[in-house]
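Scroll down for the structure; my scribbles are underneath it.
The values are calculated or read from the model by the stated rules, or taken from the named source; none is laboratory data. Nothing here was measured: the structure is a model prediction, and the numbers come from that model. Cβ sites come from the backbone with ideal geometry, for glycine too, and all protein chains shown count toward neighbours. The accessibility values were calculated without ligands, DNA or RNA, using every heavy atom of the protein model including side chains. Shrake-Rupley method; radii C 1.70, N 1.55, O 1.52, S 1.80 Å.
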Amino acid sequence: MNDNSKVVVALLAGLAAGAALGILFAPDKGEETRDKLSQSLKDLGDSIKDKAADEINNLSSLKDNVVSSIKTKLRSVEEEYSDDVEHA
């Protein structure tokens, strides 16, 4: 995970913790507090899932780029080898 991802995850966790503490100390009824806390945690879970999906897509794209680059280099080396064999 790169530094930007870590910052975003930490920010989301901090926001969720702040929201949870704010809800717990708010002068609402217990049921309302539980509902708000439950919704906040659901929203946090959704945010984390979205971020994880984005990171998975980024890693998949990186993998595709690396594989393509390796294949290109292998083809180049293979062509050089074939040329050397033909001229030997």
Residue check, residue 19 against (1) at pLDDT below 80; (2) exposed (fewer than 11 other Cβ atoms within 10 Å of the Cβ), all met but one. Which one? (2)
Tell me yes or no: at least one residue of the range 67-84 is among the hydroxyl-bearing types (Ser, Thr, Tyr), part of a helix (DSSP H, G or I) and open to solvent by 100 Å² or more (accessible area, probe 1.4 Å). yes
How about the range 30-59: which of its residues are without any contact (Cβ under 8 Å) to a residue 40 or more places away in the chain and open to solvent by less than 50 Å² (accessible area, probe 1.4 Å)? 30, 33, 37, 40, 44, 45, 47, 52, 53
